[in-house]
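For reference, the structure is listed below as structure tokens.
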Amino acid sequence: MAEKGSKSGTGGKKPGQPDLRRLLRVTPGKRLDLGSVAADAVPAGPAKKAEGLAATAAMAEELAGLQERLYAASTAGDRRRVLLVLQGMDTSGKGGTVKHVIGLFNPSGCRIRAFKAPTREELNHPFLWRIMRALPQPGEIGIFDRSHYEDVLIARVHELVPHRQLGRRYGQINRFEQSLVEDGVSVVKVFLHISPGQQRRRLLERLDNPDKHWKFNPGDLDERALWPAYRTAYEIALERCSTDAAPWYVVPADRKWYRDWAVSRLLLEHLRALDPQYPKGDFDVAECRRRLLA
């Protein structure tokens, strides 16, 4: 994915630990072939499920601590926050990632939004309008289950807009994300890369279990038939919109435990790089202590 020397930074890496931001990053300006990326790969970190589950759980305390520091810093005017963007084919695990990874954080400091088909009101506005209304506030961690990229993915596959308009949207997205970064948002964009065979197995699990029928939509089979078109749409979007300011990361998602570990690790590296600090009190500590003990 990323080549040695890419400008992803190393502030979130500790000695002896993998730098997933560098390893999984889609290098700006480089041709992307998702067919050459194994969806069941374990490119770094734990190699087995038990080890992966333990490693993910071991990150919880540090992640929660960094989240608290990020929120605390915002009370003193620090505008920084984090936005995790999750994209992927049906059953790639966007909802599962929200459940298992964001569950490591304090939910009161998270802003989660799952984007569905645009409403009538949303269709009356530019495509980024509903995205801007859902952005995290300073000190928060925002999570998008699908995002503004639907407007260059589904729109391309189903030819919902003219190609000229579609081409402009990539530039609009890049400028929008650049403005977010300049305003203190760390944009972490993750493509959950699942194989067709694994998707088939997960869809069959839903069909074979009545308790999961609510998660199954026959329309998913129609979308599955368009797999080659979606793969091309994702390759184009990731190529054109992986920038130094807001790069894309490709996370192998056939193994759920590895997906959760990798996304947790990416968030940990970004939060470590931010290194938020507790603000100092603007009061006389000694005097307050004396009054309390009096």
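The values are calculated or read from the model by the stated rules, or taken from the named source; none is laboratory data. All of these numbers come straight from a predicted model, not from anything done at the bench. No Cβ is skipped: glycine too gets one built from the backbone with ideal geometry, and neighbour counts run over all protein chains shown. Accessible surface is based on the protein model in full, side chains and every heavy atom, while ligands, DNA and RNA are left aside. Shrake-Rupley method; radii C 1.70, N 1.55, O 1.52, S 1.80 Å.
The table that follows gives values for the structure above.
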{"quantity": "LEU53 paired with ASN124, simple spin-label distance in nm, labels 7 Å along Cα-to-beta-carbon", "calculated": "5.0 nm"}
{"quantity": "Among beta bridges that DSSP assigns inside the chain, antiparallel share in %, nearest 5", "calculated": "5 percent"}
{"quantity": "For GLU239, net neighbour charge (Lys/Arg +1, Asp/Glu -1) across residues whose Cβ lies under 11 Å away", "calculated": "+1"}
{"quantity": "Reachable aspartates and glutamates, given that their alpha-carbon falls under 16 Å from the alpha-carbon of LYS212 and they are not under 8 places away in the same chain", "calculated": "ASP90, ASP220"}
{"quantity": "Karplus-derived HN-Hα couplings along region 203-208 (A = 6.51, B = -1.76, C = 1.60, θ = phi - 60°), whole Hz, x at Gly and Pro", "calculated": "5, 5, 4, 5, 5, 7"}
{"quantity": "Computed FRET value (nearest 0.05) for LYS30 with ASP284, which takes r as the C-beta separation and R₀ as 51 Å", "calculated": "0.35"}
{"quantity": "Long-range amide H partners of TYR249 with built H, under 5 Å", "calculated": "VAL26, LYS189, VAL190, PHE191"}
{"quantity": "Backbone N within region 90-133 under 13 Å of label point (7 Å from THR75 Cα along the Cβ vector)", "calculated": "none"}
{"quantity": "Contact order relative to length of the chain, as percent, for alpha carbon pairs under 8 angstrom and 6 or more apart", "calculated": "34 percent"}
{"quantity": "Directionally averaged shadow of region 253-294, computed from the convex hull of its alpha-carbon atoms, nm²", "calculated": "5.2 nm²"}
{"quantity": "Rg over Rh [alpha-carbon atoms, Kirkwood Rh] for the chain", "calculated": "1.00"}
{"quantity": "In range of the label at GLU62: residues from region 171-190 whose backbone nitrogen is under 20 Å from the point 7 Å along Cα→Cβ", "calculated": "186-189"}
{"quantity": "Packing-based ranking, highest mean first, of 95-103, 156-164, 171-179 given that Cβ atoms within 10 Å are counted", "calculated": "95-103, 171-179, 156-164"}
{"quantity": "Unit charges on C-beta of K, R, D, E only; dipole of region 174-294, Debye", "calculated": "480 debye"}
{"quantity": "Overall dimensions of region 22-129 as given by Cα atoms, namely Rg and Dmax in Å", "calculated": "17.7, 49"}
{"quantity": "Sequence ranges 17-28, 73-84, 197-208, ranked by mean other-Cβ count within 10 angstrom, highest first", "calculated": "17-28, 73-84, 197-208"}
{"quantity": "Sparse-neighbour loop sites [trypsin sites (Lys or Arg not before Pro); region 214-294; at most 14 other C-beta within 10 Å; DSSP]", "calculated": "LYS280"}
{"quantity": "Partner aspartates and glutamates for LYS30 [C-alpha distance under 17 Å; skip if fewer than 8 residues away on the same chain]", "calculated": "GLU3, GLU235, GLU239, ASP244"}
{"quantity": "Percent carbon-and-sulfur accessible area, the chain, ignoring ligands, DNA and RNA, probe 1.4 Å", "calculated": "52 percent"}
{"quantity": "Equivalent ellipsoid, region 143-294 (semi-axes from 5 times Cα gyration tensor eigenvalues, Å)", "calculated": "41, 24, 14"}
{"quantity": "Overall Cα dimensions of region 187-270, principal axis frame, Å, largest first", "calculated": "44, 29, 19"}
